[in-house]
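Below is one structure; the comments refer to it alone.
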Amino acid sequence: MESVQSLTHRMIENVERVIVGKRREVQFVMVALLCRGHVLVEDVPGVGKTVLAKAIARSVGCTFKRIQFTPDLLPSDVTGVSVFNQKTGEFEYRPGPVVAQIVLADEINRATPKTQSSLLEAMEEAQVTVDGVSYALPDPFIVLATENPIEYEGTFPLPEAQLDRFLIRLSLGYPTHQGEVDILQRQHTMHPLERLEQVLSVEDLINAQKLAREVHVDDSLIEYIVSITEATREHDDVYLGAGPRGSLSLYNTSRAWAAMNGRDYVIPDDIKDLAEPALSHRIIVSPSARMKNVDSRIIVRETLASIPVPGGQAPSGPDGARGQARGWREVGRGS
């Protein structure tokens, strides 16, 4: 897995030329790229959500389109339309901006629910259907969406089905004092985004995605993942917990996280690191819990604390004797 580790390190270092002091968040976006998953960046205005998405797109040699979501945006403005060609006497499909390998859905919650739903099929099945005809989207297809919190005016909260399509959700937060000073200094003459160069090709990314899928997950850790997801459904403060897609997301992101750290096997720490960004947006907190300011992230942390971490035996599978000797020594820190 050295190739995946070095590739992702090069990508992260490039993005950090623009995004200051948010290495872990950039790493989570890289996890989503390895898993061919979609990312929702949720935070207040002005903290760099759109800049992060642009930096990711510029660092990878993929086709890139941006959709600025507004209340008057129509579904056809996203997916495309069929136009009648008078020369041929037939209707021709004119692709919308969603037909690209990396799509920036900027301020996605400013569009109406009808327009938001136009992305459901694209994000789940990598295709769009216009006038009864389905058109495949490029490979890989990844949506990087940004949104402001729903308590701000002029926004429409994303429905549960839409949120569940995102592999991970993350928040950037405000920079530190020194980080904000660095931001001002870096933009003295021009925005560093303008000087950002491509560091990965599409072939590099696809190869890394294949290697990430070869990472081994022990049966005990699969049980651990399912137990975490099931516990979110049984929590007293939860109205609706994470479904099987949540378990699959945690499974895949943990494998990508392990590959990024130079391992061909998953340890419990990988699962614990990715549980919050992979599951929290899939949990609907009950109304009574919301009145007590209970957040879905808090529920994920409580769930992790309540479930025993598998650590008494060595991982089975392709590691063999090497895994037997190593055991779970690396896991002790997180259990």
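Relative to the current alpha-carbon distance between His177 and Ser117, full extension at 0.36 nm per residue lengthens the span by 17.7 nm. Straight-line reach from Lys87: which lysines have a Cα under 28 Å away, not including same-chain ones fewer than 8 places off? Those lysines meeting the cut-off do not exist here.
Within the shell of other residues whose beta carbon sits under 11 angstrom from the beta carbon of Ser296, the net charge comes to +1, with Lys and Arg scored +1 and Asp and Glu -1. Database remark: amide H of Thr63 closer than 5 angstrom to the amide H of Gln101, Ile102 (H placed geometrically; neighbours at sequence offset of 5 or more, or on other chains; Pro and chain starts carry no H). Within the listed set Met260, Met30, Met190, the Gaussian network model of the chain (springs between alpha-carbon atoms below 10 Å) gives the highest mean-square fluctuation for Met190. Note on the chain: GNM, Cα springs under 10 Å; of Arg169, Arg186, Arg36, the largest mean-square fluctuation is that of Arg186.
Between Asp131 and Gln86, the contour length at 0.36 nm per residue exceeds the alpha carbon distance by 14.4 nm. Under 18 Å of direct C-alpha separation, and excluding same-chain neighbours fewer than eight residues apart, Lys54 reaches these lysines: Lys22, Lys65. When both the range 99-118 and the range 52-80 are represented by their alpha-carbon centers, they are found 8 Å apart. Reducing the range 155-223 and the range 1-45 to their Cα centroids gives an inter-centroid distance of 4 Å.
Give the order of Thr115, Thr129 when sorted by the count of other beta carbons within 10 angstrom, beginning with the fewest.
Ranking Thr115, Thr129 by Cβ neighbours within 10 Å, fewest first, gives Thr129, Thr115.
Normalised by the number of residues in the chain, the average gap of Cα pairs under 8 Å and 6 or more apart makes the relative contact order 21 percent.
When only the Cβ of Lys, Arg, Asp and Glu is charged (+1, +1, -1, -1), the dipole of the chain relative to its Cα centre reaches about 560 debye. Over the chain, with a Gaussian network built from C-alpha contacts below 10 Å, which listed residue (Val215, Val133, Val143) shows the highest mean-square fluctuation? Highest fluctuation of the listed residues: Val133.
Read-outs: derived from the displayed coordinates by stated rules, not from any lab. Only a predicted model underlies this, so the values are computations on that prediction, with no experimental measurement involved. All Cβ positions, even for glycine, are placed from backbone atoms using ideal geometry, and neighbour counts span all protein chains on display.
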